[in-house]
Each structure stands twice: as structure tokens, then as C-alpha cells.
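Read the structure below first, then the notes.
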Amino acid sequence: MMNSSHPYTALTPDCALDALDSTGLKADGRLLALNSYENRVYQMGVEDTAPVVVKFYRPERWSDAAILEEHAFTAELAAREIPVVAPLELNGATLHAHAGFRFAVYPKQGGRMPEFERPDTLRWMGRFLGRIHAVGAQADFAHRPTLDIETFGTASRDFLRSGNWLPPDLVAAWDSVVEYALANVAHCFERAGKVRPIRLHGDCHAGNVLWTDDGPHFVDFDDSRMGPAVQDLWMLLSGERDEQQAQMTEILTGYEDFAEFDPRELYLVEALRTLRLIHYAAWLARRWGDPAFPAAFPWFNTQQYWQARILELREQIALMDEPPLAA
């Protein structure tokens, strides 16, 4: 059932266009919704200039200070000529408000999906991630969280338990496998030792990289946070272990041209993948009151969905017991 009380129901096309007008840019009426669920993102036409992309932040997710830290980080990277898409400064500000919504305006950046199966693409990605991390290591976030077992794992587990999201006949199996998985995650972190957290992109998958003839452009730093450097590397990997080993070798070949990589962080690859799987299930549950989510993810919260998640975590438990990839 559609939830008419959800805050985004007030974000009508007219409201979105009026928001852009409030910045001094004159919307020409063209509006295209882009693929985004956490926020609402639109491509909008502007009179007498190029189209822009406008991101309306999910209410109550981030504080203003946390959003401005994201903007400052991307501006810092862009100033170093690192290809990130930073928000435009309009009327002396990058964060704007209209009709109760906070939003930012970005230049439109074209591009295609990167071909991560190509060794040269992976080396190229590694070089730019090394540059991003070299800057990210120079200061810490003060208002954005750290990726750790508590925020991604324990809190997600507890949210799912408290909300009766699982079918009754699968609760015991889920409880058992998630506890075992989190224990293995903790063991992986223990083996890695004291790893230094830095400012990260945080969600560096293929959908957040636009590829042009000039190389990658990194977009959507909305999940930027403190965490281990390998968080921005492991999502570039795919396939069997030998394939992932070859891919990581190419990535680090480029990465270490600009930043030193601590090989102990390779103990965290499968642990971080496990935390993401648990966190993703909880994210869907947390957002289920948003009408966009039942429409886009109709398979969530079904018997088959939870059976697949239990099997997935069992596979991760086995993978976390294997030796890490080699640097």
C-alpha cells in the first residue's frame, strides 16, 4: 500500500523545478528522474545553459554538517584535478533548501559503465583511487560515521530482529548464521590488526563510476565515511578467487603509484562483503515505508529472499575462513 505520509510524496515535479529556480538557475521544465532510491535525483533542463543534476537528500538521514563534509571532500578532490563530480556553488553555497527539502545541484556528467574485466581499466581505477585516498588520509571526518562492525553489522542485525522481518520458521536459522558470520567478521578484523581509517568514497561500485575516453569519473559520495582503504577496492572484484586475485593485483599496481596500501587490509575483503550483505537487508527494511521500495524490490521480505540470504551468509562464513588475497 502506498504511504501518502512519506516525506517524498511532497516532492512533486513542480516542487523540484521550483527548488532549482530558487538557486537562480532557471529551469526550462524538462525533468527526468534518475535511478536513485536513498535520495531523489533528477536531471533538469536549464534555460540558456547545460542541464544539471539535482539531488534531494533523504530527510533526517544526514545532518547539514555531514552533508557539507561530503561536499567539502569532493571539492578538495576536484581542486587536485581528481575526476569527481562535486556540487556547484550557487549564491555562495552548495547545500540549499526549499519547501522542507535539502538539495544540491551538480553538473551533468556523461559516461558509460566501466569495463572492470579489462586489466588496464583496473589499473586506471587503482591510480585514481590511490589519489583519492592520498587526499582522504590527510584529515578525518568529524560529522560522518565510520564503517565498522557495530554500525554495519550489529546495528543491522538488531534492527532486523526487532522488526519481525523474518518468517517465523527461518528466525532460528537466521539468528544462528548471522551470529556466526559476525564472529568471523570480528576475527578477520583481529587478524588485520589496527588498520587506519581514512576518508573514503564508501560505495565505489560500477554504478558510481562513469567512464569516458579520459578515464573514470567518480560520482555519488553520499555514503562517504571513514573506513579502511580496501572498502573502496573490493567492490571492483568479481568472479572466482583466481580471477579476483588477478584483479586485485592490477588495482594495487595502479594504486601504489600514489598511495601506500597496507596488505593487512586484505584480511577484511570478505568481512566487508559480509557486513555489506547484512547492512543491505537492514537498509531495505528501514526504507520499506518509502513507496518506492516495495515497487522496486517486490522480492524483499519473502520466504525465498531470506532463504537466499541465509545461504549467502553461510558461503561468506566459509570464504572468511580462507587465506586472504595476496598483495
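Per-structure values
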read-out	value
Flag for A271 being open to solvent by less than 50 Å² (accessible area, probe 1.4 Å), among the small types (G, A, S), in a helix (DSSP H, G or I) and within 30 Å of R118 (Cβ to Cβ)	yes
Answer residue from region 302-327, given it is polar (S, T, N, Q) and without any contact (Cβ under 8 Å) to a residue 24 or more places away in the chain and is least open to solvent (accessible area, probe 1.4 Å) among those	T302
Matching residues in region 178-213 - criterion: being open to solvent by 10 Å² or more (accessible area, probe 1.4 Å), outside any loop (DSSP other than H, G, I, E, B) and of a type in the set (V, I, T)	I198, T212
Failed criterion for A72 (all others in (1) in contact with a strand residue (DSSP E or B) (Cβ under 8 Å, 6 or more places away or on another chain); (2) open to solvent by 40 Å² or more (accessible area, probe 1.4 Å); (3) not in a loop (DSSP other than H, G, I, E, B) hold)	(1)
Selection count where residues are assigned to a helix (DSSP H, G or I) and small (G, A, S), scope region 75-99	3
Flag if E243 is crowded, with 17+ Cβ neighbours inside 10 Å and part of a helix (DSSP H, G or I)	no
Of all residues making up region 214-227, the number that are assigned to a loop (DSSP other than H, G, I, E, B) and open to solvent by less than 10 Å² (accessible area, probe 1.4 Å)	3
Complete set of residues in region 135-153 that are without any contact (Cβ under 8 Å) to a residue 40 or more places away in the chain and either crowded, with 17+ Cβ neighbours inside 10 Å or in a loop (DSSP other than H, G, I, E, B) (or both)	Q138
Residues of region 11-59 classified as within 18 Å of A292 (Cα to Cα), open to solvent by 50 Å² or more (accessible area, probe 1.4 Å) and part of a loop (DSSP other than H, G, I, E, B), total	4
Among residues of region 240-287, those that are small (G, A, S) and more than 19 Å from D223 (Cα to Cα), counted	3
Matching entry among F258, F300 (being more than 27 Å from R157 (Cα to Cα) and out of contact with any Asp or Glu (no Cβ under 6 Å at 6 or more places or on another chain))	F258
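The values are calculated or read from the model by the stated rules, or taken from the named source; none is laboratory data. None of the values given here were measured: they were computed from a predicted structure. Glycine gets a Cβ as well: all are built from the backbone with ideal geometry, and neighbour counts include every protein chain shown. All accessible areas refer to the heavy atoms of the entire protein, side chains included, with ligands and DNA or RNA removed. Shrake-Rupley method; radii C 1.70, N 1.55, O 1.52, S 1.80 Å.
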